[in-house]
1. Quote the charge dipole size of the protein assembly as shown about the Cα centre in Debye, to the nearest 20; the model charges only the Cβ of Lys and Arg (+1) and of Asp and Glu (-1).
2. State which stretch of chain B is the longest one without any exposed GluC sites (Glu not before Pro), exposure meaning a DSSP loop state and at most 11 other Cβ atoms within 10 Å.
3. Given bins 10 angstrom wide, list per bin the percent of all Cα-Cα distances in segment A:43-191, short to long.
4. In segment A:259-349, with Lys and Arg counted as +1 and Asp and Glu as -1 at Cβ, which of these residues, A:V307, A:H327, A:V340, has the Cα nearest the positive end of the dipole, that is, farthest along it?
5. Could you rank the peptides B:32-40, A:402-410, A:346-354 by their average count of other C-beta atoms within 10 Å per residue, with the highest value first?
6. If you fit an axis through the alpha-carbon atoms of helix A:177-187 and take the longest principal axis of the Cα set of chain A, what angle between them do you get, 0 to 90°, nearest 10?
7. With bins 5 Å wide starting at 0, give me the P(r) of segment A:259-395 over every alpha carbon pair, in whole percents.
8. GNM, chain B, Cα, under 10 Å: largest mean-square fluctuation among B:G97, B:G256, B:G184?
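A short reminder: the numbers here are calculations on the coordinates, not readings from a lab. From a predicted model like this one, the values you see are computed outputs, not experimental measurements. Note that each Cβ is placed from the backbone with ideal geometry, even for glycine, and that neighbours are counted across all protein chains shown.
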Amino acid sequence: MSSTYLGMPAVPVYGSGNLHTAEPFPVAARRELDNEQLRANLGHATHTIRDKRLRVVAELPDWEELREAGSATKAAVMARLPELLEQFEENFTARGGVIHWARDAAEANEIVRDLIRDAGADEVVKVKSMATQEIGLNEYLEEHGISAFETDLAELIVQLDHDKPSHILVPAIHKNRSQIRDIFLREMPDVDPNLTDTPARLAEAARLHLRRKFLSAKVAISGANFALADTGTLAVVESEGNGRMCLTLPETLITVMGVEKLLPSWTDLEVFMQLLPRSSTGERMNPYTSLWTGVTEGDGPQNVHLVLLDNGRSAALADERGRSALHCIRCSACMNVCPVYERTGGHAYGSTYPGPIGAILSPLLTGITSEENASLPYASSLCGACYDACPVKINIPEILVHLRSEDVQSRRGTKKVPGQMDVAMKAASWMMGSGRRMALVEKALPLGKLAAGPDRKIKKLPGIAAGWTRSRDLPAPPAQSFRDWWAKEHEDTASKEQA
Amino acid sequence: MKIALFATCIVDAMYPSTARATVSILERLGHDVVFPAGQACCGQMHLNSGYFTEAVPVVRNHIEAFEAEEYDVAVAPSGSCVASVKHQHAMLARSVGDSDLETRATAVGARTYELSALLTDVLGVTDAAAQLGSWYPHRITYHPSCHGMRLLRLGDRQANLLRTVEGLELEPLPEADQCCGFGGTFSLKNADVSSAMLADKNANIAATGAQLCSGGDASCLMHIGGGLSREGSGISTLHFAEILASTREHPAPPPGAVRGGSRSAARLAGKGRQ
Ligand code: SF4
């Protein structure tokens, strides 16, 4: 563990905000699994986008080299983050931008609220942003009498429905077209009552609804996909153009961004602009890329602010084996290929970050000690599909296993009564730590037949194994282990040879 | 060539016929098989569940057992166990700061092969019927397990070997690359999600019309087979080693006759190994 990052204190400061799940994953997952509509919607959406991604990725002969390059750049950024942040701050400030540093969600929210008040506004338009969801900005602003309007279509749907996003790129992935039409009819004041559920009509309704907001808003809030240290430039990548309206029309622009989004230089964008759109929407290039460097007199926002958010990132950075989770460019490819996400949806993960990346990022940012977040690293069969899909090659399965070991370790010696799993693992370790002991236990295995019925299947097991037999039979153990058979066979050979 | 068999704990205890089939294939090719008696388990279950402290004696035992024997290569009829030996043992040794064990783990890992990789890449088996006398006149489908597919990059090796078995018809499995939902203790800790994944896998298997699903990992097959059995589908599972080992003289049990490990073990045991 290094203790030099960002002047990090010896005890890591963990993140707060929408990073904690309220209940353990298996409990939440069980509830979501019962939602047939959700599963159908998710299955359809993830399969469509998955196939699209595979097609456009296959077009690039150098995809693996690009992933390598992206991964290497991100690793280099993590290795010298404090230095790059300083360089970025210098350049951003020199071009008329203002930087604010926020240690956690509460600090970031306060800074943004004060900036909005200074601008004399009580309404803001928002560009889709994960960082502001992470800190719970909309809810916070609402409590303080400021209305925040999401302008991304999917984000708008979720907001209008008073729901939570369930995917980082397609927040309304769990809803289908007719559900969306119903939400619009219910929640948009001047919507056409004959609205149909064709995508074009839905998009048009949203456009009319948003236009008024764009033209009246004095303040916009955005996230950022990248920040370039050598020029002090921020970048937002999007599909609809609503983001660009927010980034250019209002007088004041406030961006909230995690410190890990930095790239060393403008030229690094080349790699990431190839990796990101193909991985996220399965497009060769996204329709809108907006880049801004400080303030340009008479053009665009004249007050440009950036809130640089730590919120547990220093703690994640200090974890050498988990650090690469910060390489994430929020493309969502991992959740689109994840068999667990596909069946539970994003809400089961509780935090802003669902799917495989959420299963590692949330506990890294908050620490593994909360019991609920400690359940997240187990929300994976370790099938490895996420690692294959990740454009910056984050070895998610390896980090999941690392975090599981942290969880097990953190519980060691603290609990008065060890759990069933702890006891079973200890016993299995003793047994499997020697061929001789294993052989002894195997001799007792045929007794397992007693547990099996006449059809030689075991249909009900107690304790932690009960979940298995809820939907699966176990075969009765065989009469003889391989080891035993081998020994007998070779005994015979040996004695025959002697004879 | 002298080949050390790593039977893996689950095959040794629950599916002995798979290990015996592996021995039979290797001996038919003219190789010497040894069974390091000290072996027990690769420690994958402990490692993947985060029980690193408990994994250490298991991993150490594996390394010692395979160092104790003289052999050219080691083989296991299991992609996930080989992936653990190759990718996790050295990592564990490193994480507990034992550099000597790390070196030894790397050495054992380097000469350990998954069965289809050994057959294809080292022993030059391209035609199971011609080289092994493999005969299994049934329509089957095949599920490639995640660890073999992604960590070991086995590609089509297992399926290609199956395709060359005389009489065998291989039905492609829709969404074959999707995880079956086993995942070791995942199937206990997140039993409901695991069951949902399994249900989809088994629906895909049923859609092929085949009466048997083969694969290269006994644990995945136990999981898939357990679900098929509970559904009363009549579809069974069988490790690809047993299909490669199947001949006209000593056929593996036909689809439907295989139920769990016991029945096929009993049948093979009845035939004996001459
Ligand atoms: S972990 Fe990788 S695949 Fe998942 S969202 Fe982040 S960059 Fe994309």
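1. 2580 debye
2. Values: sites that count: B:E70, B:E249.
Within chain B, the longest run free of exposed GluC sites (Glu not before Pro) spans B:71-248.
3. 9, 24, 29, 26, 12, 0
4. Going by the Cα projections, it comes out as A:V340.
5. On the way: B:32-40: 19.0, A:402-410: 20.9, A:346-354: 25.4.
Peptide ranking by packing, descending: A:346-354, A:402-410, B:32-40.
6. That works out to roughly 50 degrees.
7. 2, 9, 16, 19, 18, 16, 10, 6, 3, 1, 0
8. Residue with maximal mean-square fluctuation among B:G97, B:G256, B:G184: B:G97.
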